[in-house]
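The values are calculated or read from the model by the stated rules, or taken from the named source; none is laboratory data. Keep in mind it's a predicted model, so treat the numbers as computed, not measured. Positions of Cβ are backbone-derived with ideal geometry, glycine not excepted, and every protein chain shown enters the neighbour counts. Side chains included, ligands, DNA and RNA excluded: accessible areas come from the protein's heavy atoms. Shrake-Rupley method; radii C 1.70, N 1.55, O 1.52, S 1.80 Å.
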Amino acid sequence: MSFRLFVPILAGATLRERLLACIGATIGIALTGAISGLAMGGGPHVALLVAPMGASAVLLFAVPASPLAQPWSIIGGNSISALVGVTVMHFVHDPIFASGLAVALAIAAMSFTRCLHPPGGAAALTAVLGGPAVVSAGFLFPFVPVALNSIILVTLGFLFHRLARRNYPHVAVPAANSHGTADPPAGQRVGFRPEDVDAALTTLDETFDIDRDDLERLLRQVELQAMVRSHRTLLCQDIMSRDVVSVPEQATVDEARQQLLDHNIRTLPVVDAEARLVGAVGLRELTKAVDMVKGVMSRAGTASPNTPAMSLLPVLTDGRSHAVVIVDGERRILGLITQTDLLAAAARVQTADKGLAAA
């Protein structure tokens, strides 16, 4: 049990993420020092770095989704804190008292300017205890090297995360109503509400290192996973339609539209010459001014026969998709599940659960 003390506590941390963080920090810190030295005339081999940049790099590359690792947090947090530290150093000459006051005022300044960044405390402390080099720099220190280091590091971090296909600066993208109305998406009209998240945070009376919108998104995913687990025995192959109407990609738009109307369906899977799924069309796509289905088809939602049926909820409630095509390993169509199929299955499961509870 004692070894649990050494278990990383970062949720979602994987070996790949940690390796990326190591590579990013290596590149980021090395280039930040070299570019800063070059910019100040010292040459590319003279590293012009302040120690807090090491801590900033940990946040920037290891936890890029953290609110504490966003561009304004790094640049503003380090620079404002360094400015606070230099100011305190000029008015308070007791180094011990000045150290504590500088860090405390840096926290307050970062909080009011919405750029809380833990290394900012180190930047304030460096300004007080940095020695002759900091004293000689005076009020230039918060700008060169602190702000200069921070701006270069953030720029390099942005480029690195783009190449690594990471979302940085991190933006929590809320699910939008695809119908252009004020109603929340269908999947968010049941279960907890945003005000429930706010009430829970107020009750816990703690600060968490996660964006509030990210927290809500995480809780909704947890809610979905719990439901999928409780209904895991209901598989796609149990509820799918097996006599699936499809259309070849070389068919005309008029032929596809007639298929939809004749069978009173909203989605047509599109297949190639070897009967493999290549897309899907509905009346929305068929309104475009083209001749052939191949030119207007959209990407089809797919699943395997052994996929838990309830895991299709996010797709079938996104306001755009009306059906999921069930395919084999070669993308040959085995069946189809519509919104109606899933709703009917959920109703049956609910009825069965109530019957068991009553028994």
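General observations
- Cα extents of the chain along the three principal axes, largest first (Å): 86, 57, 43
- Rounded to the nearest whole Hz, the Karplus-based 3J(HN,Hα) values (6.51 cos²θ - 1.76 cosθ + 1.60, θ = phi - 60°) of the stretch 78-92 follow the sequence 5, 5, 5, 5, 5, 5, 4, x, 5, 5, 4, 4, 6, 10, 10, with x at glycine and proline.
- The amide H of LEU235, built 1.01 Å from its N in the peptide plane, has ALA309 as neighbours under 5 Å, considering only residues 5 or more places off or on other chains.
- 222 nm mean residue ellipticity, helices alone, for the chain (DSSP H n ≥ 4; -39,500 (n - 2.57); rounded to 500): -16000 deg cm²/dmol
- The GNM of the chain, with springs linking C-alpha atoms under 10 angstrom apart, assigns the highest mean-square fluctuation among PHE61, PHE91, PHE160 to PHE91.
- Under 5 Å between amide hydrogens, built in the peptide plane, is the criterion, and for GLY335 it picks out ILE326 among residues at least 5 positions away or on other chains.
- Taking the chain as a Gaussian network of alpha-carbon nodes connected by springs under 10 Å, the highest mean-square fluctuation of the residues GLY120, GLY295, GLY279 belongs to GLY295.
- Ligands, DNA and RNA are left out, and with a 1.4 angstrom probe the accessible area of the chain is 58 Å² per residue.
- Computed log₁₀ I(q)/I(0) - Debye formula, equal Cα scatterers, no solvent, the stretch 193-298, q 0.16 Å⁻¹: -0.78
- Using the average count of surrounding beta-carbon atoms within 10 Å as a protection proxy, the listed peptides 316-323, 255-262 rank, highest first, as 316-323, 255-262.
- 5 angstrom amide H check on VAL278, placed H, neighbours 5+ away: VAL270, VAL271, ASP272
- Estimated distance in nm for a label pair at ALA275 and THR26, the labels positioned 7 Å out from Cα along Cα-to-Cβ: 5.2
- Averaging the sequence gap over all C-alpha pairs within less than 8 Å and six or more residues apart, then dividing by the number of residues, gives the chain a relative contact order of 13 percent.
- Extension gain (nm, one decimal) between ALA133 and LEU283, 0.36 nm per residue minus Cα-Cα: 47.0 nm
- GNM flexibility winner over the chain from ASN78, ASN167, ASN264 (Cα, springs under 10 Å): ASN264
- Degrees separating the helix 52-62 axis from the principal Cα axis of the chain, which is the longest one: 10
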